[in-house]
Amino acid sequence: MRSPVYAVVCAAWSAAAFAGLTPEQAALLPPASSRPVVFSQDIKPIFEARCVQCHGRGRDKGRFRLDTRESLLQGGDSGPAAEAGKSQESLLIGLVSGLDPDDMMPKKGTRLTAEQVGLLRAWIDQGLPWEAGVSFARPAPLNLAPPAPKVDVSASSPLNPIDQMLEPYFAARQVKPGGVVEDRVFARRVYLGAIGLLPPADELEAFIRDGGRDKRAQLVKRVLAEDRAYAEHWLSFWNDLLRNDYRGSGYIDGGRQQISAWLFEALATNMPYDRFVAELANPAPESAGFIKGIVWRGVVNASQTPALQAAQNLSQVFLGVNLKCASCHDSFINDWRLADAYGLAGVFSDGPLEMFQCDKPTGKIAEARFIYPELGEIDAKADRAARLKRLAELMTGPQNGRLPRTIVNRLWARLFGRGLVEPVDDMEQPAWDQDLLDWLAKDLVANRYDLKHTLEVMLTSRACQLPAVDLGEAVSKDYVFRGPGVRRLSAEEFRDALGRLTGVWYEKAELPVATNSIRAALVPADPLALALGRPNREQVVTTRAAAATTLQTLELTHGQTLADILQRGAAKLVESNSTPGELVDHLYGSALGRTPCAAEKQLAAELLGEPVRPEGVEDLLWAVAMLPEFQLVQ
Amino acid sequence: MITRRDFLKRAGAATLSALAAGYPRRLLSAEAAAQNIRPTADTVIVLWMAGGMAHTETFDPKACTPFEKGMAPSAFLSTFPSIDTAVDGIKFSQGLENLARVMDRGTLVRTYTAGDLGFILHSRHQYQWHTGYAPPQTVAAPHLGAVIARTLGPLNPVVPAFVNIGQRLDVGEGEELKAFTTAGFLGSEYGPFNIPFPDQAAESVRPPGGMTPGRFENRERFFKKLLAAGPIGQYASGYQRESLLRSLDNAYRLLSSPAAKAFDLALEPPENLRKYAPGYEPGRRFDAAADRFGAKYEDQMVGRFGLGCLLARRLAEAGARYIEVTTEYIPFLNWDTHENGHTRAAAMKRQIDAPVAQLVLDLEERGLLNRTLVVLASEFSRDALIEGKPEKKVKDQVEVPDKIEDLKFYGMHRHFTDAGCVLLFGGGVKRGYLHGRTADERPCRTLEKRVVIEDLHASIYTALGISPKLAYEIERRPFYVTRDGQGQRIGELFG
């Protein structure tokens, strides 16, 4: 029979042991703070700085979640973390005190100070007052729910919906947008934005002369209706995103597959975006290349097996989610966990997928699941075909508000130089105008995912007709929208513009497109295209670096590729037997959409000589092509 | 020779702003910054023995058994006898007599071991050698040269910091080579200036074919006038416009600067051309479209590597920062001996022996060797029998007969990753030093002081004053210049 003394000693012992400390250690605990503790000022910052990394935002090391007062009190594997009113006996205090060298929290990072421990003690003694509504759980992802913009956009208003929404935005920031740009600047923007070509001089002249009130809206419609040109232009955009090219690493041994024919057809027929995504996520053979990825011979890091490539690329491109870090370990830069990346990968994999952490096997098998279970579930036990079908449904169903937002954001970034959300691959952030983003997304869905419709809305807005704004080198957090950003012609746009100017295109297209004017997107990259930034599509590319570099200009000034184009072009132009004046007018009209001023005309005529010398034409072509006015879209 | 102070004084706004540029951000931990690395080199020249250079046929000779019809492949470890070098205790393979004479200026590592990628694919191992990371990667990993270009810039702001000589990128496994011959996410400002044919290097800094220098300058002047004559106002300023005009200026400056002459091998005294490229007839032009298969290729390219070494010396003098010269990787050619290993190794040694030794001597004579780190390396080694490592064999790619009846089977045809030679000169490395030991019996593997790529890179970076823990930020994560910041400088290599 145990003696009463023994019982008391045991109770004292277990009380101290409950805090994880010996009685000697417990005596060394910092005292509870004497002042009244304010949760939001005193406690919340400690949790956010020291605890939430492992016990909040979806993480639950030791199965302990700090999310709410209830979950804290309930505790995890080691039992309740605290007992209200009894800080000396609370496990949490014992651990953060650092007095037990074998059992200290946080496991990583700086110890809590004595003052902080004291505040926590006081807080526990005061009954753990927890401010209503505060949670350390993983916040609901932004931009996921079906878009429901709060503003009312009037269909009867003469203003484009984008402009209606920007009115309060501008007013709140005291931005007074300028007058709209002149016709030829607008036309250049529209042609390049919609189909990646310079406006033909004669069409441009007709447009400028046109007195119709809605001629700009009509122009946008007309240009967007040029299906083949549209496809040839947007082919590059999608090739960058879908890692598709005619040549590249991995083709040499059959580990990679093109989707070029399917993609071109989809663009030329303006395939609705939801079907487009579904055919990539749940593909037929001609669109299977995207989720197939690159299958390498030999051993690859576990985070780069085809199933994981598919998970990373699908989520980056269509959902604006970065699963790359989470493919090796719980991510340090966002809330995604290893299990999330492997869950999605499991949807694509042929057999059960073992999870690897930092390239070492964990012995755990990933259960296939979608990364946003709030949108719906995938039956992990179904076969691969069924899983992919379900994945396509979840990606494109009405409950998925992320899909339309991600694409309208990319299109906006294309046309305006900066997305509503930046970076465009990180969609779990607020837009600089949330209603605008939501409205554009909702409008896309309401118009049966017609991307051309969204482009039309954007291109016909007054916002898209404002004077161009210098956006500087990097995206700034203080960005205020004032108009489209000045941007530079892409590698393909530059080459195609030269094509228009010189009549020199490519010889042989990789796709069976019926045209003599073979554009840059239809051929593999040549040295000029590579120098000007056409990427090696071994990884997904969603934004190309824009500013000129010296290696680029070395190619432009010394390179043989450009020199050949100019030489052949000059020969054609000389054949036309124009006078110097006519030639200069023609070049300026085609290249810049205007007539040369007197000084320009004189300089150019001098260079050309009379009769016109081929070398003069080459050099004039070169000089015009180097002008910022030519290379930049104002 | 331009000192640091001179460089900073002369550096154009372009270079300085590029160096100071925020994007991608440099990340250097306090710990790494505190390391306070004192550089011993300003320039790096990498001599790239693409295709797998057999260690026992070059710088780590073993017992030699001459060819005998009917011999077993296991009967030979080397197919050449060994020769003495200027350093007691270090022998080379016959055919490297010139390099043997300058061994006392440098360090020989015999124990470089390549990564285990599960299957021997040259381009994958080359990717790992040049970026420090095994492919594939989730971001476009930068080449060693690009990291150095981004971190240090050129010595002379007019000259490209990173020059890559001797490799065509539109042949063989060109697509796979392009994947690592790039500045990757660091941005194309730091990418390689490619010169596949050193005899034609001058053309890459001259006006394009058919244009006289007079016309070229006239064109530039005309452009400036046309620009000034055009409408101002909204086109007057802005980041994009300034980048374009500044970059055009930089390109033009290179042409008109004295540094451009460095690219022109015709300006080198003819006796020097002969020292670097003994079999080369001055004025002969390498044909970029030449037949790439069989013996014809190797005959046609005689002297190309040697001239590349000479070009590298000239560019180092002119202020480039990182220069790579390769014997060129074309599947099954040059060092990539899947057959005729003996005869081909003899030819490759002829290709490299005179020019590499001459490069070392020339740098020494010009007082540049102390501050120029020269690194000769290959992606892995070769053996007659073993593919991969003894404990980590990989799929055999070459048939090896039980008995060797023909000379074409006599040589190192399989890919061996458990040893390899790296020869280093200058830039602070020890003189006349041997690092590591390999077995004298098959498998001729590393026994002591294994060297892996992140440590080799760490040694190169620290020689230049760059921390192996330096990182650049991409997609909000750090990307370290050595794998995960784990590279450790090999102190024993340095004096």
If I filter region B:369-379 for residues that are surrounded by fewer than 18 Cβ atoms within 10 Å (Cβ to Cβ) and under 25 Å from B:Val429 (Cβ atoms), do I get at least one hit?
yes
What about A:Gly351, is it more than 24 Å from A:Leu241 (Cα to Cα), away from chain B (no Cβ under 14 Å), over 19 Å from the mean Cα position of the chain (by Cα) and small (Gly, Ala, Ser)?
yes
Go through (1) facing chain B (nearest Cβ under 10 Å); (2) closer than 26 Å to A:Leu532 by Cα for A:Leu587 and report which single condition fails.
(1)
Among the residues of region A:32-42, write down those that are assigned to a loop (DSSP other than H, G, I, E, B) and touching a residue at least 40 places away in the same chain (Cβ under 8 Å).
A:Ala32, A:Ser33, A:Ser34, A:Arg35, A:Pro36, A:Val37
Tell me whether region A:511-522 contains one or more residues that are in contact (Cβ under 8 Å) with a residue 24 or more places away in the chain and within 11 Å of chain B (Cβ to nearest Cβ).
no
Can you tell me which of A:Cys325, A:Cys358 is within 14 Å of chain B (Cβ to nearest Cβ) and either farther than 24 Å from A:Asn143 by Cβ or surrounded by 24 or more Cβ atoms within 10 Å (Cβ to Cβ) (or both)?
A:Cys358
When region A:582-610 is examined, which residues are found to be of a type in the set (Gly, Ala, Ser), under 21 Å from A:Pro199 (Cα atoms) and part of a helix (DSSP H, G or I)?
A:Gly589, A:Ser590, A:Ala591
Quick check: is even one residue across region A:467-485 in contact with a strand residue (DSSP E or B) (Cβ under 7 Å, 6 or more places away or on another chain), part of a loop (DSSP other than H, G, I, E, B), more than 30 Å from A:Ala310 (Cβ to Cβ) and without any contact (Cβ under 8 Å) to a residue 24 or more places away in the chain?
no
If A:Lys452 passes every condition in (1) away from chain B (no Cβ under 14 Å); (2) touching a residue at least 24 places away in the same chain (Cβ under 8 Å); (3) touching a Phe, Trp or Tyr at 6+ places or on another chain (Cβ under 9 Å); (4) surrounded by 22 or more Cβ atoms within 10 Å (Cβ to Cβ) but one, which one does it miss?
(4)
Here the residues within region A:557-584 that are touching a residue at least 24 places away in the same chain (Cβ under 8 Å), in contact with a Ser or Thr (Cβ under 9 Å, 6 or more places away or on another chain) and facing chain B (nearest Cβ under 8 Å) are A:Gly559
If you go through region B:262-276 one residue at a time, do you hit one that is within 14 Å of chain A (Cβ to nearest Cβ), loosely packed, with under 11 Cβ neighbours inside 10 Å and either modelled with pLDDT under 95 or assigned to a helix (DSSP H, G or I) (or both)?
no
If we scan region B:344-351, do we find a residue that is buried (at least 22 other Cβ atoms within 10 Å of the Cβ), within 14 Å of another protein chain (Cβ to nearest Cβ) and in contact (Cβ under 8 Å) with a residue 40 or more places away in the chain?
no
Looking at (1) under 25 Å from A:Ala261 (Cα atoms); (2) crowded, with 24+ Cβ neighbours inside 10 Å; (3) over 18 Å from the mean Cα position of the chain (by Cα), can you tell me which one A:Asn282 breaks?
(2)
Considering only region A:572-606, how many residues are surrounded by fewer than 19 Cβ atoms within 10 Å (Cβ to Cβ) and either under 12 Å from A:Asp619 (Cα atoms) or among the polar types (S, T, N, Q) (or both)?
7
Evaluate region B:103-112: report whether one residue or more is closer than 27 Å to B:Asp455 by Cα, in a loop (DSSP other than H, G, I, E, B) and at pLDDT 95 or above.
yes
Checking A:Ala392, A:Ala368, A:Ala431 in turn, the sole residue that is buried (at least 18 other Cβ atoms within 10 Å of the Cβ) and farther than 27 Å from A:Thr305 by Cα turns out to be A:Ala431
Just checking, which of A:Phe290, A:Phe276 is farther than 14 Å from A:Glu354 by Cα, buried (at least 24 other Cβ atoms within 10 Å of the Cβ) and more than 14 Å from every other protein chain (Cβ to nearest Cβ)?
A:Phe290
Failed criterion for A:Ala148 (all others in (1) among the small types (Gly, Ala, Ser); (2) part of a loop (DSSP other than H, G, I, E, B); (3) over 33 Å from the mean Cα position of the chain (by Cα) hold)
(3)
From the list A:Glu600, A:Glu538, exactly one residue is charged (D, E, K, R) and farther than 29 Å from A:Asp470 by Cα. Which is it?
A:Glu538
B:Asp440: passes all of (1) under 30 Å from B:Phe494 (Cβ atoms); (2) modelled with pLDDT under 95 but (2)
Which count do you get for residues in region B:187-199 that are under 16 Å from A:Leu551 (Cβ atoms) and surrounded by fewer than 24 Cβ atoms within 10 Å (Cβ to Cβ)?
4
Filter region A:611-634 for residues that are part of a loop (DSSP other than H, G, I, E, B), in contact with a Leu (Cβ under 8 Å, 6 or more places away or on another chain) and within 7 Å of chain B (Cβ to nearest Cβ) and give the result.
A:Leu627
Residue selected from region A:536-556 under the condition within 8 Å of chain B (Cβ to nearest Cβ), assigned to a loop (DSSP other than H, G, I, E, B) and hydrophobic (A, V, I, L, M, F, W, C), by the criterion farthest from B:Lys224 (Cα to Cα)
A:Ala545
Return the residue satisfying two criteria in turn: it lies in region B:433-487 and is of a type in the set (D, E, K, R), on the phi < 0 side of the Ramachandran plot and within 14 Å of another protein chain (Cβ to nearest Cβ), and of such residues it is surrounded by the fewest Cβ atoms within 10 Å (Cβ to Cβ).
B:Glu473
Kindly check whether there is at least one residue in region B:56-63 that is modelled with pLDDT of 95 or more and surrounded by fewer than 18 Cβ atoms within 10 Å (Cβ to Cβ).
yes
Flagged in region A:229-262 as within 13 Å of chain B (Cβ to nearest Cβ), part of a helix (DSSP H, G or I) and either charged (D, E, K, R) or crowded, with 18+ Cβ neighbours inside 10 Å (or both), in numbering order, are A:Asp240, A:Ile252, A:Asp253
Residue check, A:Leu528 touching a residue at least 24 places away in the same chain (Cβ under 8 Å), within 11 Å of chain B (Cβ to nearest Cβ), crowded, with 22+ Cβ neighbours inside 10 Å and touching a Ser or Thr at 6+ places or on another chain (Cβ under 7 Å)
no
Options A:Ala302, A:Ala281: the member that is under 28 Å from A:Asp330 (Cβ atoms) and more than 14 Å from every other protein chain (Cβ to nearest Cβ):
A:Ala281
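The values are calculated or read from the model by the stated rules, or taken from the named source; none is laboratory data. None of the values given here were measured: they were computed from a predicted structure. Here Cβ is always computed from backbone atoms with ideal geometry, including for glycine, and neighbour counts include all displayed protein chains.
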